[in-house]
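The values are calculated or read from the model by the stated rules, or taken from the named source; none is laboratory data. All of these numbers come straight from a predicted model, not from anything done at the bench. Virtual Cβ from ideal backbone geometry, glycine too; neighbours counted across all protein chains shown. Surface accessibility is based on the protein's heavy atoms, side chains included, excluding ligands, DNA and RNA. Shrake-Rupley method; radii C 1.70, N 1.55, O 1.52, S 1.80 Å.
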Amino acid sequence: MSKKPTSPAPAAPESAALPGRLTAAAVLTALEGLALAGLGVYMLFVGIAGDPDSPQQAETGGLTLLALAALPLIAARGLRLGRRWSRGPALITQLMALPVAWTLWTTGGAMTAAAVALALVAMAVAALLVNPTATEALGIGPGDQSR
């Protein structure tokens, strides 16, 4: 009777070794993407079934938000998997969120709370992504330039 060679145990997923800061950045980035997608679906629905001032504008805005939601959602998945390319799109998302937060702030009223929440999340994610622990986990740093 011949012995079959045993295969090595499957390796643990890369995300298991990710630091909490990187996981938190991935979760917050995914929440931003989901919020954009939700708003896009709402605008699209209002444009189709509702009574907006301009149905075409509502539909176009909804489709645009759905397309924009792809960036943070893809970046969040990449962060969760520890892919170094994902840091750039995630940071771009945060940089785009700050002017939006400012616009909401200047609108005033009920939008003030949304502005504060968006600005805090954007600054927190940016801080998490430039943290040395996160950059090392993604393979970004002075010692990792050979990649």
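The figures follow:
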item: Qualifying positions in segment 89-109 - loosely packed, with under 13 Cβ neighbours inside 10 Å and within 18 Å of residue 24 (Cα to Cα); result: 95
item: Counted residues, segment 14-61 - those being touching a residue at least 40 places away in the same chain (Cβ under 8 Å) and in a loop (DSSP other than H, G, I, E, B); result: 2
item: Search result, residues across segment 110-124 that are over 16 Å from residue 32 (Cα atoms) and either hydrophobic (A, V, I, L, M, F, W, C) or open to solvent by 70 Å² or more (accessible area, probe 1.4 Å) (or both); result: 110, 111
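Residue-by-condition table, conditions (1) of a type in the set (A, V, I, L, M, F, W, C); (2) on the phi < 0 side of the Ramachandran plot; (3) under 15 Å from the mean Cα position of the chain (by Cα):
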{"position": "85", "(1), (2), (3)": "yes, yes, yes"}
{"position": "88", "(1), (2), (3)": "no, yes, yes"}
{"position": "93", "(1), (2), (3)": "no, yes, yes"}
{"position": "100", "(1), (2), (3)": "yes, yes, no"}
{"position": "106", "(1), (2), (3)": "no, yes, no"}
{"position": "110", "(1), (2), (3)": "yes, yes, no"}
{"position": "115", "(1), (2), (3)": "yes, yes, no"}
{"position": "118", "(1), (2), (3)": "yes, yes, yes"}
{"position": "132", "(1), (2), (3)": "no, yes, no"}
